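Visitor: Provided herewith is a single structure, encoded as structure tokens, for subsequent inquiry.
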Amino acid sequence: MARTKRSTKLSSRESRSKLEKGKRYQEPLAEGRYIAYRRPLNNQAGSWLARWTDLDAGKSIQHRLGDADDLMDADGVNILDFAAAQKKAEIWFAERNNRAQIEATGVPVVTGPYTVATAVEDYLRDAKRRGVKGHAIMTTTFNAHILPELRDIPLAKLTKPRIEAWFQALSESPRRKTGKLRTEVELLAPPTTDEERRARKDSANRVLTNLKAALNYAVNAKHYTGPTPWRDVKKFKNVGTARVRFLTVTEQRRLVNVCPEGFKQLVQAALYTGCRYGELCRLRVQDFDATANTVFIEKSKSGKPRHIALTEEASTWFKEQIVGRGRGESLLLKPNAKGKGRKYQEDPLAWGPHDQKKLMLKACEDAKIDPLGFHELRHTYASGLVNAGVPLAYVAAQLGHADTSMVEKHYGHLSPSAMANSIRMLAPKLKISKPKIKPLKIEKKKA
């Protein structure tokens, strides 16, 4: 920060009180950088302003810093003396310089040590420029799990033990509550079961991958040329495969039969389409195409829309749901939807975050099924396709995956026998060979 400059006109309230009312007075802090004071026509306090000039483009931008301490003592936030106004102006000048540098070259101005926060900022900016899917999720991951602990550490001082300590603590930490927006972070109970501990380690592995990607980008982009201890930090082994639960056809029927109206339709739609809960909540009547027998998912986790092919049974069911309905209506409605929290939804009558949790647990209990989450209806749909011999590429397309890797990971163990049966049934009959061994003829003995 530059040394505070003195001004005979602006430094004190006494000197400012002698200035002519209704005029603006300014002092240069550097080339193209000015701090200004505007004295009003009335007897109110004056205002501090900062003016920044792009020396290459020749354009100027003005920014209000706050009120002057003409009538009240300065508090350093809203009421500023000359020194505080000057410091605030310098911060704004630095932000403007950085933005101008990014607009001109794509590379920000780096002042001071190159920290983890700077590396993350550079990485996210590049990912956004390249149109990387999941950019919003990555940003949330960095802000929630990486920056709070590692933000201000310069890469030159980042050590393997420091990263490992953060990584281990992350794997043992409780999950955050999700769903509605919260002013403060709320945590669930710490992991206690083997499955919960496995899941937390699996999550920690994914967060470490994000951190390594950001730091490696800093090296590859020549923003940093020092040691790279993060490359020696190893992930937890054998924690990436969760037990995938899915229902048999009999269990699916039992579950649907015990669901109350409204929730029953939501469950049926999940079993017919394999959609995620959020995708079902956003479905509109117009998303069902009765001619093509498809459901259109406009917004998915991957960011890419998709069309889901429906069976004849599913298509008939969807036709029943849209009778007499407007095209723009939500296709699946929550009965008796109430509550202040629903006013933030695009359609307050549609299903919202976590609306299904208690209903799902109750339905499983009534159907005499071990408790399962709503997302496992998606697993049930996918496993049914795999077991029926549907090619994994088609299953991936129905689910909205970019390739078959996730399908192979979760359902690959189901496919060998289904694949063999499908090949035996569907492979063409070539009839291009004749048996070399003639059948043995057994002559009957004469009586």
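Quick note: the coordinates plus some simple rules give every number you see, no bench work behind them. None of these values were measured; they are calculated from a predicted model. Ideal geometry is used to build each Cβ from the backbone, glycine not excepted, and the neighbour counts take in all protein chains shown.
Visitor: Counting alpha carbon pairs within less than 8 Å and at least 6 residues apart, what relative contact order, in whole percent, applies to segment 249-426?
Guide: 24
Visitor: Could you check the spin-label model distance between N78 and N43? Points 7 Å from the Cα along Cα→Cβ, value in nm.
Guide: For the pair N78/N43, the computed spacing is 2.2 nm.
Visitor: Moving on to the next point. Could you pull out every residue, at least 5 positions away or on a different chain, whose amide H is within less than 5 Å of the one on F288? Hs are placed 1.01 Å off N in the peptide plane, and Pro or chain starts have none.
Guide: Distant-sequence amide H within range of F288: F296.
Visitor: Something else: Determine, for each peptide in 189-196, 344-351, the mean count of other beta carbons within 10 angstrom over its residues, then list the peptides with the highest first.
Guide: Put in order of decreasing packing, that is 344-351, 189-196.
Visitor: Right, another one. Set the bar at 32 Å for Cα to Cα. Now go through K235/K362; K59/K301; K59/K212; K177/K222; K18/K87 and name every pair that lies beyond it.
Guide: In this structure, K235/K362; K59/K301; K59/K212; K177/K222 lie more than 32 Å apart at Cα.
Visitor: Still on this structure, please answer the following. Any chance you could list P(r) for segment 13-105, counting all Cα-Cα pairs in 5 angstrom bins from zero, rounded to whole %?
Guide: The calculated distribution, bin by bin, is 3, 14, 24, 22, 16, 10, 6, 3, 1, 0.
Visitor: Turning to a different aspect of this structure: For a quick check, take a GNM of the chain with Cα springs below 10 Å and name the residue from Q286, Q26, Q321 with the largest mean-square fluctuation.
Guide: Fluctuation is largest for Q26.
Visitor: Only four residue types carry charge here, +1 at the Cβ of Lys and Arg and -1 at the Cβ of Asp and Glu. Report the dipole size of segment 249-426 about the Cα centre in Debye, rounded to the nearest 20.
Guide: Details: 25 positive and 19 negative charges, 113 e Å.
It works out to roughly 540 debye.
Visitor: While we're on this one: Is segment 302-373 best put as rounded, prolate or oblate by its Cα gyration tensor, with a ≥ b ≥ c the root eigenvalues, rounded for a/c under 1.5, and otherwise prolate when a/b is larger than b/c, oblate when not? Write down the numbers at each step before the final one.
Guide: Working: a/c = 1.59, a/b = 1.11, b/c = 1.44.
It is oblate, given that a/c is not under 1.5 and a/b is not larger than b/c.
Visitor: Ok, one more. What are the residues whose amide H is under 5 Å from the amide H of L65, where those residues sit 5 or more places off or on another chain and H is modelled from the backbone?
Guide: W48, L49, A50
Visitor: Have a look at segment 187-260 and give its Rg and Dmax from the Cα atoms, expressed in angstrom.
Guide: Calculated on Cα positions, Rg and Dmax stand at 20.4, 63 Å.
Visitor: Over the chain, calculate the relative contact order: mean separation of alpha carbon pairs under 8 Å at least 6 apart, over the residue count, as a percent.
Guide: 9
Visitor: Where does segment 249-426 land on the Kirkwood hydrodynamic radius, alpha-carbon pairs, in angstrom?
Guide: For segment 249-426, inverting the mean 1/r across all distinct Cα pairs yields 17.2 Å.
Visitor: Okay, next question. With no solvent and one equal point scatterer per Cα, compute the Debye intensity ratio I(q)/I(0) for the chain at 0.08 Å⁻¹ and report its log10, rounded to two decimals.
Guide: -0.74
Visitor: Determine the calculated [θ] at 222 nm for the chain from helices alone, applying -39500 (n - 2.57) to every DSSP H run no shorter than 4 residues and normalising by the residue count; nearest 500 deg cm²/dmol.
Guide: Details: 16 runs with 179 residues, N = 447.
Value at 222 nm, helices only, nearest 500: -12000 deg cm²/dmol.
Visitor: As I understand it, the dipole of segment 213-309 uses +1 on the Cβ of Lys and Arg and -1 on the Cβ of Asp and Glu, about the Cα centre. Which of A218, L255, Y277 lies farthest toward its positive end?
Guide: My answer, from the dipole projection, is A218.
Visitor: Reachable aspartates and glutamates from K201, Cα under 15 Å, same-chain residues fewer than 8 places away excluded?
Guide: E164, E172
Visitor: Still on this model: Run through all the Cα pairs of segment 116-232 and give the fraction in each 10 Å bin from 0, expressed as whole percent.
Guide: In order of increasing distance, the bins hold 12, 42, 34, 11, 1 percent.
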